[in-house]
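Step one of this worksheet: look at the structure below.
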Amino acid sequence: MGERIGIDFGGSKIEGVRLNPAGEVAARRRVPNPGGYDQALAAVAELVRALEAGREGACSVGVGAPGSPSPRDGLMRGANSVWLNGRPFRADLEAALRRPVRLANDANCFALSEVVDGAAAGAASAFGVIVGTGCGGGVVLGGRLVEGANGVAGEWGHTPLPWMSEDERAAGLVCWCGRLDCLERWVSGPGLEADHRRRTGVSLSAPEIAAGAEAGEATCRETLARHADRLGRGLAMVCDVIDPEVIVLGGGVSNIAAIYPAAQAALERWLFSDVCVTRIVRARHGDSSGVRGAAWLWD
Ligand SMILES: [Zn+2]
């Protein structure tokens with residue numbers, strides 16, 4: 001296998017890298033997402049052309065995108081860039097790029113990247129989760145991405161927060177997907193901010209809450225403690241099903257250092273086991289895991 005191109009197709013920007021066979025970044029580019037289907041296809045084609053400029057032969061192309069292609073008909077679903085839904089995105093990319101294209105959910109690409117050469121390198125089993133604006137996850141077993149029979153493996157964000165308290169139940173949070181109590185509404189960055197607002201009446205951003213907690217401000221500390229407990233509970237549920245060696249966190253919330261020991265303690269408390277060797281760690285490649293994992297879809 002020669003050089004690989006990975007594309008992270010985000011709602012506001014499209015980022016691409018070309019990796020050499022050693023996994024080093026040989027070229028990197030980022031363009032705004034034009035926000036319409038045909039224009040976005042053209043933008044990806046242009047990005048790939050630019051990444052391949054000045055070299056011989058075509059690279060493999062992998063794309064990470066919100067949502068996932070349905071295994072039934074290949075049409076996209078579950079994307080928060082809603083104009084992608086119902087479209088044969090992979091087939092259209094293949095036509096635009098004149099080559100086969102591999103396409104996966106962006107959180108799946110994140111998880112794959114961290115297992116290939118990131119914070120979970122060498123782990124036999126890993127769960128990668130992006131806790132940012134939204135919340136998505138990916139499962140990698142034996143070094144291979146598990147997409148699942150229905151193409152939704154790792155879609156942790158749209159399972160309910162487990163072992164809810166009366167307070168949490170009373171909040172009655174409705175998710176954009178239409179269901180009640182989705183983890184995404186609780187453990188994402190906006191979920192953290194909303195929880196702080198509900199409890200204190202004060203609107204702070206997630207970084208402000210983190211800074212407040214670090215400075216010893218009591219309400220911010222309590223908000224982070226509640227958040228870490230919810231994260232640990234949600235992850236305990238994942239461990240009870242796939243029991244991974246490593247859990248890698250990415251996205252904005254993963255930058256809050258205080259989350260890790262508290263989430264680890266909650267995981268150990270809620271896991272249905274007398275031992276817990278599973279480690280919760282921070283992503284090594286940060287925001288670059290999306291593009292890197294997309295490139296690694298071609299192994
Ligand atoms: Zn949901």
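The values are calculated or read from the model by the stated rules, or taken from the named source; none is laboratory data. Here the structure is a predicted model, which means the values were calculated and not measured. Backbone-built Cβ (ideal geometry, glycine too); neighbour counts: all protein chains shown. For accessibility, only protein heavy atoms count, side chains too; no ligands or nucleic acids. Shrake-Rupley method; radii C 1.70, N 1.55, O 1.52, S 1.80 Å.
Table for the structure above
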item	result
In Å², nearest 10: area of R18 left accessible to a 1.4 Å probe	30 Å²
Candidates per chymotrypsin sites (Phe, Trp or Tyr not before Pro) in segment 209-299, loop by DSSP, up to 12 other Cβ within 10 Å	F272
By average C-beta atoms within 10 angstrom, highest first, the peptides 46-53, 251-258	251-258, 46-53
Full-stretch length increase - D92, A265 - with 0.36 nm per residue and alpha-carbon distance subtracted	57.7 nm
Residues D274 and R30, FRET efficiency given R0 of 41 Å [Cβ-Cβ distance, rounded to 0.05]	0.30
Debye, to nearest 20: dipole size of the chain, +1 on Lys, Arg Cβ, -1 on Asp, Glu Cβ	560 debye
Alpha-carbon Rg with Dmax, taken over segment 141-237, Å	15.2, 47
Cα gyration tensor category, rounded, prolate or oblate, for segment 203-294 with a/c compared to 1.5	oblate
Tail weight of P(r) past 21 Å, computed on alpha-carbon pairs of segment 122-283, percent	43 percent
Within a Gaussian network of the chain (alpha carbon springs, distance under 10 Å), most fluctuating of A218, A42, A153	A218
The chain: radius of gyration over Cα atoms, expressed as a fraction of 2.2 N^0.38 Å	1.01
Theoretical FRET efficiency, 1/(1+(r/R0)^6), r = Cβ-Cβ of A258 and E56, R0 41 Å, to 0.05	0.25
Residue with peak Gaussian network fluctuation, the chain [Cα springs, cutoff 10 Å], from T200, T133, T223	T200
Sulfur and carbon atoms: percent of accessible area, the chain [1.4 Å]	52 percent
Whole-Å distance, taken between Cα centres, linking segment 182-199 and segment 210-224	15 Å
